[in-house]
Amino acid sequence: MNIIDLHDPQRINRKPDEVVVLISAGSFAEQGFLINTVELRLYVEKNDEKLGPYSLITSFVGTDKGSVEMIYDEGFRGDDSLKRAALFLKSNLGISGLILRSIITLRDKIENQK
């Protein structure tokens with residue numbers, strides 16, 4: 001099961017402009033899910049002369065039962081927005097929040113399919 005948790009999934013219907021891998025091949029368990037990968041993905045949607053790039057940053061969590069990609073942040077965040085977001089997550093225990101949020105979404109979709 002692959003879930004795109006966005007109002008308009010077409011916004012990410014292409015290869016990301018940049019990816020930061022936070023966890024890869026971790027295979028650790030959380031609430032009955034084996035977490036394989038956690039990434040932040042950057043999609044630059046437009047460029048404004050004054051404000052700079054409009055960034056859509058998504059989180060991607062891959063598990064043994066499916067994956068979830070959802071919005072993490074968006075807006076005119078300037079250059080290096082993805083690296084700054086990744087640094088913030090790493091230094092503030094934000095990765096666990098991304099994982100838990102994704103597991104809740106996956107569990108909800110799995111239970112609603114029964």
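The values are calculated or read from the model by the stated rules, or taken from the named source; none is laboratory data. Remember, predicted model here, so these are calculated numbers, not experimental data. Note that we place each Cβ from the backbone using ideal geometry, even for glycine, and neighbour counts take in every protein chain shown. For the accessible areas, the whole protein counts, side chains as well, though only heavy atoms, and no ligand, DNA or RNA atoms are used. Shrake-Rupley method; radii C 1.70, N 1.55, O 1.52, S 1.80 Å.
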Taking region 24-49 and keeping residues over 15 Å from the mean Cα position of the chain (by Cα) and part of a strand (DSSP E or B) leaves Ala25, Gly26, Ser27, Phe28, Ala29, Glu30, Phe33, Leu34, Glu45, Lys46, Asn47, Asp48
Just give me the residues in region 79-106 being over 28 Å from Gly32 (Cα atoms), open to solvent by 100 Å² or more (accessible area, probe 1.4 Å) and touching a residue at least 24 places away in the same chain (Cβ under 8 Å), in sequence order.
-> Asp79, Lys83
Residues satisfying the stated conditions in region 30-54, i.e. hydrophobic (A, V, I, L, M, F, W, C) and open to solvent by 70 Å² or more (accessible area, probe 1.4 Å) = Leu34, Leu51
Close pairs (6 angstrom Cβ cut-off, 6 or more residues apart or separate chains): closer than 30 Å to Gly75 by Cα and among the charged types (D, E, K, R) in region 18-46, part of a strand (DSSP E or B) and open to solvent by 60 Å² or more (accessible area, probe 1.4 Å) anywhere | Glu39/Val19; Glu39/Val21; Arg41/Val19
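Looking at this structure, is Ser59 more than 13 Å from the chain's Cα centre (by Cα) and either modelled with pLDDT of 95 or more or more than 22 Å from Asp108 (Cα to Cα) (or both)?
Values: more than 13 Å from the chain's Cα centre (by Cα): no; either modelled with pLDDT of 95 or more or more than 22 Å from Asp108 (Cα to Cα) (or both): yes.
In short, no.
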By residue number, the members of region 1-29 that are open to solvent by less than 50 Å² (accessible area, probe 1.4 Å) and closer than 14 Å to Gly66 by Cα are Ile3
Residue pairs within 9 Å by beta carbon, gap of at least six or interchain, first lying in region 50-65 and free of Cβ contacts under 8 Å to residues at least 24 places away in the same chain and of a type in the set (Val, Ile, Thr), second in a strand (DSSP E or B) and open to solvent by 10 Å² or more (accessible area, probe 1.4 Å), listed first then second, are none
